[in-house]
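Just so it is clear, none of the values below were taken in a lab; they were calculated from the coordinates. The structure presented is a predicted model; accordingly, all values stated were derived computationally and were not measured. Neighbour counts are summed over all protein chains in view; Cβ atoms, including those assigned to glycine, are modelled from backbone coordinates with ideal geometry.
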Amino acid sequence: MGGFFGAVCKTDAMVDVFFGTDYHSHLGTRRAGMAAYDKEIGLQRKIHNIENSPFRTKFENVLEEMKGTSAIGCISDTDPQPLLIRSNHGTYAICTIGIINNANELIDKYLSPCGLHFDAMTGGRVNSNELMAALIDQKPTFAEGIRFAQESIEGSASILLLCDNGHIIAARDYFGRTPVHIGKNENGYCASFESFAYQKLGYENVTELGPGEIVELTADGMTQLMAPGKEMRICAFLWSYYGYSTSNYEGVNVETMRYRNGAIMAENDKAAGLAQDIDYVGGVPDSGTPHAIGYANKSGVPFARPFIKYTPTWPRSFMPTNQVERNKVAKMKQIPVHELIQGKKLLFVDDSIVRGTQLKETVDFLYDHGAKEVHMRSACPPIMYGCKYLNFSSSRSPMELLARRVIMDLEGEEGFKHIDEYTDSSTERGKKLRQTICESFNFASLEFQTLEGIIKSIGIEPCKLCTYCWSGKE
């Protein structure tokens, strides 16, 4: 996915943007960049690969190398950014969160007839930020251009621009699939994906932009350039997995949502008579822990950590880009607590079950160290569709999704006509899906949170949530 942070100040903005961007490191592991504006120097930019080193280590010298009273920074799981663009709007830096699924069509429709060209990446692909800038530049103002670009793309785009007058323009995605928060202090204003990023830096909340809303920030204030729309589809997966525990989206805190979510799963298990003789409840991986705490609190079963992750040398198991390496690192990090495993019946809550590649090794690891039973719960419904709005999954094919593979093995293509039944644990197909996965992974039992359950735990109107990856409904 990715995240961004920008600030425009009366004095130096670099320290705030450095730390503000660093607070978005949980949202991406591939690229990071910063751009700054200084009245004497103009616009500056640096981009680094962060696949093997976190943001802070790659940008630790940036305060000596760049300066400015306004700056933007981003963490990206997609293209290198921010880019510096020179156009009819002057020179500006741009970074985006989202994905463009119809890039080739847009190039053919709007840009090829004009004779424009792009800097091609490996495989001939165009950097999505460069394409976004080209669409913005089709219109006479930034606000009109951003709106035109957001309405033209298939996907999503929250956008942060740093202009050559030092102003920052922040735009939330047209349907609000990702958040944009605005903060202020005595020194200026900031825009951020995560509100806690600027709260830690001494900024106070001003507003969370509405879907499609566009604002311009200066050190002295905020001006609305485009009013928000009425229709919103914020990603529900932000609460289940991607969002940091201290994050708030649409006024709903991630950590407390996960407690509610786990409690609902415990209620569902009790009503169904499932897994009622358990010694300990645990979370896997770290983002599954608050869901597990909610489950434990509601069920009355003690919460425990039967294995601990060794993080000093490998803080993020998904850091390597190669799946084999990721699995190896995940395995090497797991250190057992034998007293909490040997002869115990364990129930783990995972934030989600996408491919299931690392989960099998985790369960084998627990049985190898003497677990009597391992029950598994997913804090969200079965993922049946690859995300086409935020690029949160790098799956190249829907068949990489565990639930899809199982359906194909059970019924072939015919099974995909009955996805609703496979999602529902009360149907014969739903029971077969869970039974098949249990047999394959050696689970004592498996259940997924229901769509109704996760929506209830978030607590905002269902029509304002995007649940496409679970329901296939836009």
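Compute the FRET efficiency between D108 and T246 as 1/(1 + (r/R0)^6), taking r as their Cβ-Cβ distance and R0 = 56 Å, and round to the nearest 0.05.
According to the calculation, E is roughly 0.80.
Is the shape of the stretch 37-102 rounded, prolate or oblate, going by the alpha carbon gyration tensor and its root eigenvalues a ≥ b ≥ c, with a/c under 1.5 for rounded and a/b larger than b/c for prolate?
oblate
Given K10/K39; K417/K473; K109/K139; K344/K431, which pairs have Cα atoms separated by over 18 Å?
Check vs 18 Å cut-off fails for K344/K431.
Any chance you could run the full-extension gain for Q224 through F416? It's 0.36 nm times the residue separation minus the Cα-Cα distance, nm to one decimal.
Difference between extended and current length: 64.6 nm.
On a full-extension model of 0.36 nm per residue, what is the gain between E186 and N49, subtracting their alpha-carbon distance, rounded to one decimal in nm?
45.9 nm
Compute the Cα gyration tensor for the stretch 186-298, then decide on rounded, prolate or oblate, letting a ≥ b ≥ c be the square roots of its eigenvalues: rounded whenever a/c is under 1.5, prolate when a/b is larger than b/c in the other cases, and oblate in all that remain.
Since a/c reaches 1.5 and a/b is larger than b/c, the shape of the stretch 186-298 is classed as prolate.
Rounded to whole Å and ordered largest first, report the semi-axes of the equivalent ellipsoid of the chain derived from its Cα gyration tensor (root of 5λ).
Working from the Cα gyration tensor, I get semi-axes of 41, 24, 21 Å.
From the Cα gyration tensor of the stretch 252-471, with a ≥ b ≥ c the square roots of its eigenvalues, which class applies: rounded if a/c is under 1.5, or else prolate if a/b is larger than b/c, or else oblate?
rounded
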